[in-house]
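First the structure, in the form of structure tokens, and then the observations on it.
The values are calculated or read from the model by the stated rules, or taken from the named source; none is laboratory data. Because the structure is a prediction, the values reported are computed rather than measured. Ideal geometry is used to build each Cβ from the backbone, glycine not excepted, and the neighbour counts take in all protein chains shown.
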Amino acid sequence: MGHEGCLLRKIHGRYVLFGTGWSTQKGRKGSYNLYFATADKITGPYSERKFVGRFLGHGTPFKNKDGKWWCTAFFNANVLPLSREGIQTRDLSQTAQTINEQGVTLVPLDVKMIDNELVIREVDPDYATPGPDELQKF
């Protein structure tokens, strides 16, 4: 799943395992991302890893009292936060980089069932788009 930041939740009747990993799968290189896998039973088997969002590593997905889904996002980088301009196509593989400022950022999630498959994805395109440094293809 990832190397840290694991969380297990039950969403739409499915067990959802969230985990954090670097986009390059090399420590502190690239973007710090959030992934998930699903299972019908808590013991698995779990699906292949799926992408939730870029820069959402160690984030916590939650539903507010109005039923809207959100995820926390944090600063985790070796350099100052990057500008969002052109971020969707920028390769960040040289060092740990993010668009998140210090402190916590809340970003909206889209959580739904499509053809009996759970889909969890960031709404903001700067978070929703895997960067070119993403090793796994989604």
Problem - Leading residue by the ranking (farthest from the chain's Cα centre (by Cα)) among those in segment 18-47 that are on the phi < 0 side of the Ramachandran plot and polar (S, T, N, Q) - result: 43
Practice task
May I ask you to verify whether residue 26 is among the charged types (D, E, K, R), farther than 23 Å from residue 112 by Cβ and in a loop (DSSP other than H, G, I, E, B)?
Solution key: yes
Practice task
Collect the residues in segment 112-138 that are in contact with a Lys or Arg (Cβ under 8 Å, 6 or more places away or on another chain) and either among the hydrophobic types (A, V, I, L, M, F, W, C) or free of Cβ contacts under 8 Å to residues at least 40 places away in the same chain (or both), keeping them in residue-number order.
Solution key: 118, 119, 120, 128, 138
Exercise for the section: Would you be able to say whether some residue in segment 80-99 is farther than 23 Å from residue 26 by Cα and crowded, with 18+ Cβ neighbours inside 10 Å? Expected result: no
Completion exercise
If we keep only residues of segment 110-138 that are part of a helix (DSSP H, G or I) and surrounded by 12 or more Cβ atoms within 10 Å (Cβ to Cβ), then the residue farthest from the chain's Cα centre (by Cα) is 126
Practice task
Run residue 15 past the list (1) part of a loop (DSSP other than H, G, I, E, B); (2) more than 16 Å from the chain's Cα centre (by Cα); (3) touching a residue at least 24 places away in the same chain (Cβ under 8 Å) and report the number of the one that doesn't hold.
Solution key: (1)
Handout entry: Failed item in (1) modelled with pLDDT of 95 or more; (2) in a loop (DSSP other than H, G, I, E, B); (3) at negative phi; (4) surrounded by fewer than 16 Cβ atoms within 10 Å (Cβ to Cβ), with residue 56 passing the rest
Key = (4)
Handout entry: Yes/no for residue 57 being under 11 Å from the mean Cα position of the chain (by Cα), under 17 Å from residue 124 (Cα atoms) and in contact (Cβ under 8 Å) with a residue 60 or more places away in the chain
Key = no
Handout entry: Within segment 64-79, considering residues that are assigned to a loop (DSSP other than H, G, I, E, B) and either among the aliphatic types (A, V, I, L, M) or free of Cβ contacts under 8 Å to residues at least 24 places away in the same chain (or both), the one nearest to residue 31 (Cα to Cα)
Key = 77
Problem - Pick from segment 90-109, criterion in a loop (DSSP other than H, G, I, E, B) and of a type in the set (A, V, I, L, M, F, W, C), ranking: nearest to residue 64 (Cα to Cα) - result: 99
Practice task
Filter segment 1-42 down to residues that are of a type in the set (Val, Ile, Thr) and more than 20 Å from residue 95 (Cβ to Cβ) and give me whichever is surrounded by the most Cβ atoms within 10 Å (Cβ to Cβ).
Solution key: 16
